[in-house]
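The values are calculated or read from the model by the stated rules, or taken from the named source; none is laboratory data. Only a predicted model underlies this, so the values are computations on that prediction, with no experimental measurement involved. Neighbour counts run over all protein chains shown; Cβ positions are idealised from the backbone, glycine included.
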Amino acid sequence: MSDMMKAVVVRVPGGPDALEHTELPVPRPGARQVLVKAHAIGAGGPDVLIRNGTYKWMPPLPAVPGNEMAGVVVAVGEGVADLAVGQRVLVSSRELPERGGCYAEYIAVPAGAPFVLPESISFDDAVSLGNFQLAQAMLQGCGGSTPAKSILVPGAAGGVATALVQIARHHGMQVIGTASTQHKRAYAMENGVSVLVDGQPAELPLQVMAQTGGRGVDLAFDHVGNELFMACIRSLAPFGTAVSYNIAGGPPAGDVFMALRALLSRSLAVRTFSIHTFDSDRAQRRGFMDSAIALMAAGHIRAPRTTVMPLGEVRRAHEILDAGTSLGKLVLRP
């Protein structure tokens, strides 16, 4: 093993050009730490937020972005009993003291952080498991005491949305989705959407009601905000909940409380959601990931298609992320 490794660093936040290729010393595992050699590195939205300096849980600069890595344990520190050299593992920065750190050939992490990967899950597929962990948490945390029978997933070809669709279908829910192009519509159906409807906010509630016999959906998961969030509220069944997990298009375009009051007879609710809610609940957070790993290993869910690029092309990968044109998971190879 060389004393130096390839890595990507952000010193000054900005666009893809802010991603600086460099060499850093290979970390040595300290007491109760393990050293993992990367075989696949996931690239996704939180990495973009670290790159441009807007992540709410921003690591201190200079920072190595990257929030998911799959690879092999190559060294263990003193006092490590549960992991051994040669084990296949997934590293998620949700288990680390700081976000990021995975855009590198090696990473040293606390021994309790990695998840052991079964042989049936490839390294490339493993780096999509974080979205399934998130989907499990969203469905369980937002569903209330009565299991949802139906959900609405706008933008159903997206990364988190695809995971939501698959987990919901596994639990027998009707999944109504939207997608903006024919290619994305085919991809959404391939991943388990029950029916696709028009995603225009003005038309969406009427179409959802038509597909649910006038009842509406129990849960609507919105990542856009603006007019779409208001449409999600109007698409809900009695006691339904509209969940905002991002506002890529800006805040809701209207008075949310008055929209709920206008539909008072349905007793509706709204909720914001972040996986960071579970930052202090290690057992539940890891339980969501353990469940995702088990579901994928058993074939109940499947990883999205991957686009594999060398780590040296990380800037191009971020240009693709910024454009939002890719389907599936972007994977970087060190």
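For residue 248, the criteria (1) in the same structural domain as residue 203 (by TED's automatic domain parsing); (2) closer than 24 Å to residue 162 by Cβ; (3) in contact with a strand residue (DSSP E or B) (Cβ under 9 Å, 6 or more places away or on another chain); (4) surrounded by fewer than 17 Cβ atoms within 10 Å (Cβ to Cβ) hold in every case but one, which is (3). Return yes or no: is residue 327 over 17 Å from residue 68 (Cα atoms), under 15 Å from the mean Cα position of the chain (by Cα) and surrounded by 18 or more Cβ atoms within 10 Å (Cβ to Cβ)? When the stated conditions are applied, residue 327 passes them.
When you look at residue 251, is it of a type outside the set (A, V, I, L, M), touching a helix residue (DSSP H, G or I) at 6+ places or on another chain (Cβ under 6 Å) and either without any contact (Cβ under 8 Å) to a residue 12 or more places away in the chain or assigned to a loop (DSSP other than H, G, I, E, B) (or both), yes or no?
Numbers: of a type outside the set (A, V, I, L, M): yes; touching a helix residue (DSSP H, G or I) at 6+ places or on another chain (Cβ under 6 Å): no; either without any contact (Cβ under 8 Å) to a residue 12 or more places away in the chain or assigned to a loop (DSSP other than H, G, I, E, B) (or both): yes.
Judged against the criteria, residue 251 is not a match.
Taking the criterion of being closer than 15 Å to residue 40 by Cβ and in contact with a Gly (Cβ under 8 Å, 6 or more places away or on another chain), the residues of region 102-123 that qualify are 102, 103, 104, 107, 123.
Mind counting the residues in region 175-214 that are under 15 Å from residue 326 (Cα atoms) and either charged (D, E, K, R) or not in a loop (DSSP other than H, G, I, E, B) (or both)?
Of the residues in that region, 7 qualify.
Only one of 295, 330 is outside any helix (DSSP H, G or I) and on the phi < 0 side of the Ramachandran plot; which? Steps first, answer last, please.
On the way: 295 fails: outside any helix (DSSP H, G or I).
The unique qualifying residue is 330.
Applying the set (1) of a type in the set (A, V, I, L, M); (2) in contact with a strand residue (DSSP E or B) (Cβ under 6 Å, 6 or more places away or on another chain); (3) more than 24 Å from residue 185 (Cβ to Cβ) to residue 242 leaves exactly one unmet item: (3). Exactly one residue among 259, 188, 179 is in contact (Cβ under 8 Å) with a residue 12 or more places away in the chain, surrounded by 15 or more Cβ atoms within 10 Å (Cβ to Cβ), assigned by TED's automatic domain parsing to the domain that holds residue 165 and farther than 18 Å from residue 156 by Cα, and that residue is 259. When residue 304 is tested against (1) within 15 Å of the chain's Cα centre (by Cα); (2) assigned to a helix (DSSP H, G or I), only condition (2) is not met. Inspect all residues belonging to region 140-162 and state whether any of them is within 27 Å of residue 56 (Cβ to Cβ), out of contact with any helix residue (DSSP H, G or I) (no Cβ under 7 Å at 6 or more places or on another chain), assigned to a loop (DSSP other than H, G, I, E, B) and in the same structural domain as residue 326 (by TED's automatic domain parsing). No, region 140-162 contains no residue that is within 27 Å of residue 56 (Cβ to Cβ), out of contact with any helix residue (DSSP H, G or I) (no Cβ under 7 Å at 6 or more places or on another chain), assigned to a loop (DSSP other than H, G, I, E, B) and in the same structural domain as residue 326 (by TED's automatic domain parsing).
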